Amino acid sequence: MNNIIYVGKHALTWTVSRHLHKGWELIYCTKGSGRLMFADRSLSYGENDVAIIPPMSPHTNVSEDGFTNIHMNLLDASLPQTEPFIIRADSNGFLLDAFTAAFYYYSEASAAHTVLPLYGQLIVGLLTSCQPNRRHSDTVQRIEDHILQHYPDCTYDLNGYLNSLPFNTEYLKKMFKRETGLTPLQYLTDKRLESAARTLTTFCGKGNISETAHLCGFADPLYFSRLFKKKYGVSPRGYTAETPFPAIPDSDDMKIMV
């Protein structure tokens, strides 16, 4: 299942003539934009979008300005689509990394038979997680993804990131709280504290509080300790493997907390 049988790249291209595949075709657009033309529809795509094309679906790929891509064919892919579909904006770059690595290992014949099956499972899993049943709007999801990538960094400038987006910052904060139950700063702080709780549980109190704080995104150990005790009712030093591990709140829990 999810067996990659071919991976290729298109250099700057304007047209790919009508064709079909016995297996699934996945196309990651690395630059430019275009349209996939099917018998009964067309799908527009742009940079960092991924096209998912089920087996035996004749199509043409056309572009006015040209595109580059990484494309692959899979057999028995465990994807839910029955019709061609576009996954929009691989914002964190994880899919691009996976497609790039799959292309490398497909070309590296000595490792292809052991490594490619792993990348097939990974890519299908990532695509499945990107399906449009996400609980947040694109903008809020983008902010959440950025926080999840950067929360361990003590120098992470959340306000600077919010100011870089093409929206009023206060509007973004209100939108984020409306959809998640927390402000962006509260969400960031919660992720850092959850990470600290995991770290303390995993290492059973080994290391010092300053190290734990720094690993989890807190520059000030005293501030970290105050926040930790407020959230979990015990100081970081007293938090051990015997302490009940905190459940990560879902969206409904978050709303109750506020």
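Only residues that are in a loop (DSSP other than H, G, I, E, B), more than 30 Å from the chain's Cα centre (by Cα) and not hydrophobic (A, V, I, L, M, F, W, C): list them for the range 212-238, please.
Gly233, Ser235
Can you pull out the strands (runs of 3 or more DSSP E) entirely within the range 1-119 that have at least 3 residues that are touching a residue at least 40 places away in the same chain (Cβ under 8 Å)?
Ranges flagged: 3-19, 24-32, 42-45, 59-75, 85-87.
Got at least one residue in the range 218-226 being within 17 Å of Gln149 (Cα to Cα) and either open to solvent by less than 50 Å² (accessible area, probe 1.4 Å) or not β-branched (Val, Ile, Thr) (or both)?
Yes, there is a match, as at least one residue in the range 218-226 is within 17 Å of Gln149 (Cα to Cα) and either open to solvent by less than 50 Å² (accessible area, probe 1.4 Å) or not β-branched (Val, Ile, Thr) (or both).
If you go through the range 137-170 one residue at a time, how many are in contact (Cβ under 8 Å) with a residue 24 or more places away in the chain, among the hydroxyl-bearing types (Ser, Thr, Tyr) and in a helix (DSSP H, G or I)?
The number of residues fulfilling the criteria is 1.
Residues Phe176, Phe167, Phe103: which one is touching a strand residue (DSSP E or B) at 6+ places or on another chain (Cβ under 6 Å), modelled with pLDDT of 85 or more and under 30 Å from Ala51 (Cα atoms)?
Exactly one residue qualifies, and that residue is Phe103.
Name every residue in the range 42-80 that is more than 21 Å from Asp145 (Cβ to Cβ), under 20 Å from the mean Cα position of the chain (by Cα) and either surrounded by fewer than 15 Cβ atoms within 10 Å (Cβ to Cβ) or hydroxyl-bearing (Ser, Thr, Tyr) (or both), in order of residue number.
Once the filter is applied, which keeps residues that are more than 21 Å from Asp145 (Cβ to Cβ), under 20 Å from the mean Cα position of the chain (by Cα) and either surrounded by fewer than 15 Cβ atoms within 10 Å (Cβ to Cβ) or hydroxyl-bearing (Ser, Thr, Tyr) (or both), the range 42-80 yields Ser78, Pro80.
Return a yes/no flag: does the range 94-109 have any residue that is under 30 Å from Thr212 (Cα atoms) and open to solvent by 20 Å² or more (accessible area, probe 1.4 Å).
Yes; the residues of the range 94-109 include at least one that is under 30 Å from Thr212 (Cα atoms) and open to solvent by 20 Å² or more (accessible area, probe 1.4 Å).
The values are calculated or read from the model by the stated rules, or taken from the named source; none is laboratory data. Since we're looking at a predicted model, the values are computed, not measured. All Cβ positions, even for glycine, are placed from backbone atoms using ideal geometry, and neighbour counts span all protein chains on display. The accessibility values were calculated without ligands, DNA or RNA, using every heavy atom of the protein model including side chains. Shrake-Rupley method; radii C 1.70, N 1.55, O 1.52, S 1.80 Å.
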